[in-house]
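Take a look at the structure set out below.
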Amino acid sequence: MNPTVSIAVILTVLQAAHCQMIKDLSACLLGQSLRVDCRYENKTSNPLTYEFSITKDNRKHVIHSTISVSENVYRSRANVTMHKNLVCLYLQSFTTSDEGVYMCELKATNDYTGNQIKNITVIKDKLEKCAGFSLLIQNTSWLLLLLLSLPLLQAVDFVSL
């Protein structure tokens with residue numbers, strides 16, 4: 001085998017390794033809904049597949065997925081949104097019967113290193129309310145714009161006095 005081709009193959013394999021990594025998994029209450037945020041670092045432009053599931057009574061129940069089929073019990077109550085480096089599960093009408101160990105599983109297409117998985121135990125009485133501007137923090141350009149506009153807003157208030 002040509003040495004140049006060998007180096008190219010090795011570099012391709014190394015580049016494919018660890019295409020995404022789950023950085024954080026958190027849960028909070030948004031009104032009567034549960035929100036589970038799965039933050040990840042993606043080092044590829046390959047499409048991302050996901051699966052949110054819950055383990056209750058030592059049995060895995062798929063809530064929402066692009067990897068496998070979701071269970072009927074959750075289909076009408078679950079919704080997933082994807083933002084840059086964030087996959088959010090929303091489970092409507094969250095009750096104590098929905099408590100358990102929630103799992104976020106991510107896999108980038110053509111990533112042969114395996115799926116990234118992270119778990120979080122969710123108990124309704126211990127959940128915090130979702131921060132009002134947590135989505136704002138994800139997009140730092142909005143936060144930067146807000147911070148830069150504060151002096152301008154203060155100047156307008158001063159002029160109107």
Quick one: accessible area per residue over segment 22-123, 1.4 Å probe, rounded to a whole number of Å²?
-> 51
Under 28 Å from the Cα of Lys107, which lysines turn up, not counting those fewer than eight places away in the same chain?
-> Lys23, Lys43, Lys56, Lys60, Lys84, Lys118
Over every pair of different alpha-carbon atoms in segment 22-123, take the mean of 1/r and invert it; report that Kirkwood radius in Å.
-> 13.8
Net charge near Phe52, counting Lys/Arg +1 and Asp/Glu -1 over other residues with Cβ under 14 Å of its Cβ?
-> +3
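The values are calculated or read from the model by the stated rules, or taken from the named source; none is laboratory data. This is a predicted model, so every value here is computed, not measured. As a convention, Cβ positions derive from the backbone with ideal geometry for all residues, glycine included, and neighbour counts pool all protein chains shown. Heavy atoms of the whole protein, side chains included, go into the accessibility calculation; ligands, DNA and RNA do not. Shrake-Rupley method; radii C 1.70, N 1.55, O 1.52, S 1.80 Å.
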